[in-house]
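Take a look at the structure set out below.
The values are calculated or read from the model by the stated rules, or taken from the named source; none is laboratory data. Only a predicted model underlies this, so the values are computations on that prediction, with no experimental measurement involved. Cβ: placed from backbone, ideal geometry, glycine included. Neighbour counts: every protein chain shown.
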C-alpha cells in the first residue's frame, strides 16, 4: 500500500511545490515594482562603481598630479552646481496626482530649462574668479565646458521624472549604466591620446545624451509652452524644500572633512576619509538605489493607507538588504582591508574606524526611507524643518568627538545618526500615522449614512 493513489498524489504535489518555488519566487520578484526597480538601480550603482574604479586605476598611471588637481577643482565646482540642479521639480512630478500632472508638467519642464540656463550662466561667470583664486588660468575653459551639461539635461529631465512616476526605473538605470561605461571608455581613450586634463572633463559632457536617450525612448512627452503660470509658486515651494534637504545633506557629508582636516591634520584626514568612503561608500550606493525605488513605489498610490502599507513593506525590504550587508562588511573588514586596499591602512589604524562607519548604514537606512515617505506624502516642509536642527547638532557632536581623535570623530557621527533615526521616524512617520488613524473614524461615520440611503 506504499504506492496508493492518495500517497502518490500527495507526494507528487509536494514534489511540484518544491521544484516550482524558485521560478515562482523569481517571477514574483520580477513583477514586484519595488524589488524590480531597486534591482535595476542597484545594478546600475554596482556597474558604475566598477567602471569608475577601472578608470581611476588606468588614468592614474597616465596623468600627472597637476592634471588631477585641476580636474578636481573643476569637477568640485560643477558638483556644487549639480546640487542646485536637483531643485525638486522631478520629485514634484513623481508624487503629483494625475490632475496635477496634466496642469503642471509643462511648467515643471519650463522651470527645468530656466534652472539649466541659470546654472550654465552662473558657472561660466564664476569660472574666471575660481581660476584666479587657485592661480590656474587654464581652469576657465574646463569649468565653462562642464557647464554645458546644464543645457543638455533638460532635454530628458522631465522624461526621467515621468519614467520614475510610472515605475520605469529600468530606463533610469540604463541611462546611468550607459553614462558610466561611456565615461570610462572616453576618459581612458582621451588620456592615452594625450588630451591631459580634458580627458577628465570632456567625457562628463559628451555622455549626457547617453542618459537622455533612454528616458525619451521609454516615455513620450511633447514640450509645450504653459498656458498658465498659476502653479509655479507651488512647484517652487515644493522644490525649494527638497533642495534645502539636499543642501543640508551635502553640508553634513563634507563638514566632517573640513573639521577633521583643520583640527587633526592632513594625515588623520586621509585615514578618516578612507575609512568613511570604504565603510559607507557601497552602503550609500545601495541606499541611493533603494530610496529612489521606494519613492517611485510610494508615489504609485494616492490614498494614505496604501502609502503606509507600501512604506512598511519597502522599509522591511530595505533592511533585509542593508542589515546583512553591514554585518558582512563590518565582520570581514580585518581580512579584506589589507588584501584589497593594502596593509598600510591597517598600520594607520583605519580598520576600527571603517567598522564604526559601517554601522552608520543602519540608521541611514531609516533616515533615507523616512525622508522618501515625507516627500511622497507632500510633507517636504517637515523634512526640512527636522534636518536643519539635526545638521546643527551633527556639527556640534563632531566638534566634541574630534577632541578624542579620528576614532572620537567617527563615533560621534555614528552616535548622532543612531539617536536621530528613531526620533525622526517616531515624530515624522509614526506620529503622523497615528494622527491620520484618529481622523479616520470621523470620516467613515459621515459616509455610512449616505451609503445606507
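What the table shows:
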{"item": "Residue list for region 128-151, restricted to those being more than 24 Å from the chain's Cα centre (by Cα), buried (at least 16 other Cβ atoms within 10 Å of the Cβ), in a helix (DSSP H, G or I) and touching a residue at least 40 places away in the same chain (Cβ under 8 Å)", "result": "130, 139, 142, 143, 145"}
{"item": "Selected residue [at pLDDT below 85, buried (at least 16 other Cβ atoms within 10 Å of the Cβ), part of a helix (DSSP H, G or I) and under 19 Å from the mean Cα position of the chain (by Cα)] from 178, 251, 238", "result": "238"}
{"item": "Residue in region 152-163 that is surrounded by fewer than 17 Cβ atoms within 10 Å (Cβ to Cβ) and touching a residue at least 12 places away in the same chain (Cβ under 8 Å) present", "result": "no"}
{"item": "Selection count where residues are within 17 Å of residue 250 (Cα to Cα) and without any contact (Cβ under 8 Å) to a residue 60 or more places away in the chain, scope region 360-389", "result": "4"}
{"item": "Qualifying residue in region 154-172 (condition: closer than 18 Å to residue 109 by Cβ, in a helix (DSSP H, G or I) and more than 19 Å from the chain's Cα centre (by Cα))", "result": "yes"}
{"item": "Residue list for region 385-409, restricted to those being within 22 Å of the chain's Cα centre (by Cα) and either crowded, with 19+ Cβ neighbours inside 10 Å or on the phi > 0 side of the Ramachandran plot (or both)", "result": "386, 387, 390, 394"}
